[in-house]
1. I'd like the Karplus ³J(HN,Hα) series for region 245-257: coefficients 6.51, -1.76, 1.60, θ = phi - 60°, whole numbers in Hz, and an x wherever there's a Gly or Pro.
2. If you take the beta carbon distance between Asn47 and Glu370 as r and set R0 to 45 Å, what does 1/(1 + (r/R0)^6) give as a FRET efficiency, to the nearest 0.05?
3. Could you please rank Phe99, Phe352, placing first whichever residue has the fewest other Cβ atoms within 10 Å of its Cβ?
4. By its C-alpha gyration tensor, with a ≥ b ≥ c as the square roots of the eigenvalues, how is region 260-382 shaped: rounded for a/c under 1.5, else prolate for a/b larger than b/c, else oblate?
5. Based on the alpha-carbon set only, what is the convex hull volume of region 200-289 divided per residue, in Å³?
6. Show me the ranking of peptides 317-327, 25-35, 268-278, 186-196 by mean Cβ neighbours inside 10 Å, starting with the highest.
7. Label region 162-225 by shape, choosing from rounded, prolate and oblate, from the square roots a ≥ b ≥ c of the eigenvalues of the Cα gyration tensor; if a/c is under 1.5 it is rounded, and otherwise prolate applies when a/b is larger than b/c, oblate when it is not.
8. Shape of region 21-109 from its Cα gyration tensor (a ≥ b ≥ c, root eigenvalues): rounded if a/c is under 1.5, otherwise prolate when a/b > b/c, or oblate?
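Readers should treat all values here as calculations from the given coordinates under stated rules, not as data from a laboratory. Just so it is clear, the model here is predicted, and its values are computed rather than measured. Every residue, glycine among them, receives a Cβ derived from its backbone with ideal geometry; neighbour counts consider all protein chains shown.
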Amino acid sequence: MDETLLMIPGPTRVTPRVLKAMSENIVNHRSAIFGKFLTETSEMLSNIFRTNNKSYILTGSGTAAMEAAIVNILEPGDRILNVVGGKFGERFSNIVEAFGGESKRIEVEWGKAANPDDIKEALEEDESIKAVTVVHNETSTGVANPIKEIGKILDDYDALYIVDTVSSLGGAEVDVDGYNIDICVTGSQKCLAAPPGLAAITLSDDAWDVVENTDSRCYYLDLKKYRKTSSLEPPETPYTPAVSLVYALHEALKVVEEEGLKNRIRRHELAAEATRNAIKALGLELFPDERVSSTTVTAVKLPEGITDAELRGTMRNKYHVELAGGQDHLKGKIFRIGHMGNITHRELITTFSALEMTLRELGFDVEMGEGVAAIADTYLPKNL
Ligand code: PLP
């Protein structure tokens, strides 16, 4: 069994309790017992999304839910406004184009946050825009986008508001109903700390109106079928679900409930603050502006003279700590520390001890213990 400490922005480490739940025997997926699992899991998801609407579990990774969000509201030629400031913003745009839609992009420099005024301007210019997509936590750059402020603007327009919370739900403030979000998607393997393989989606009444009136090009991800089968007694999914993963997600969400969503978000905020403080204490540079930095993943500029292979390779091979690299044009320019899911000061102390040793070995002028001290100085005054 690989004991590497996963400090990547998903998938995240799963606790033995969740793994154990996954090993329960398989039941009939169209039975009362499984229907109860589905209902409870959906209800817990809706609580975390903070919506009164139903949540639907899809077998597939986060991208399946992103695709479901688009294909169910899209007819060829429809115009969708995609806010693109990283890999996942771009993915929404690619999905729109893959299904014959017209993607109108608002390009945001990678490492910067979206400006709500730009969205307002685009909507004023083009009344035909059917929906706006925003990625809450742009995992590729470590930036948190202002989904609350964007939601206030979208309230004045007919366009649907679609938000990807794949790497933020359960680790950052998300209030689907409060922010006027029409379609919200997430994945199982990040802040919720369940294994990869499931995604979830929730839709407002306005979104359902559009879905019902769209001649969509989908089959497996046709949300109308998920809505219909979820209303059967007992509730079902249209096709055979990943039963074991539903057990695991159900257990992981119970853990979220037991911790309390507020406490969990606070824990993520503290981990992010400690990580940023430790990075600065070591003389490294954060990639995004701190004011827009994510609470679940921190992107850091690779120090001059050290390659990604050297830094992450040493961390992995010598200290068994796995960090993430940059994606696309940020490859070799940044590295990323995921601090989502079950991460506490314990994992951060290990990570930063290893990072200090790695940097010293690679010839970077580092004062040993400064990173760990910054973590202590973040947590100790808060009595945690
Ligand atoms: N959206 C965001 C913000 C992500 O971080 C990811 C995965 O890293 C995805 C979507 C895609 O999720 P998946 O890899 O589960 O398909």
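1. Karplus-based 3J(HN,Hα) across region 245-257 equals 5, 5, 4, 5, 5, 4, 5, 4, 6, 5, 4, 4, 4 Hz.
2. Efficiency computed from Cβ-Cβ geometry: 0.65.
3. Numbers: Phe99 18, Phe352 25.
Going from least to most buried by this count: Phe99, Phe352.
4. Details: a/c = 1.69, a/b = 1.37, b/c = 1.23.
Prolate is the answer for region 260-382, as a/c is 1.5 or above and a/b outweighs b/c.
5. 207
6. 186-196, 268-278, 317-327, 25-35
7. Details: a/c = 3.49, a/b = 1.41, b/c = 2.48.
Oblate is the answer for region 162-225, as a/c is 1.5 or above yet b/c matches or exceeds a/b.
8. On the way: a/c = 2.56, a/b = 2.31, b/c = 1.11.
Prolate is the answer for region 21-109, as a/c is 1.5 or above and a/b outweighs b/c.
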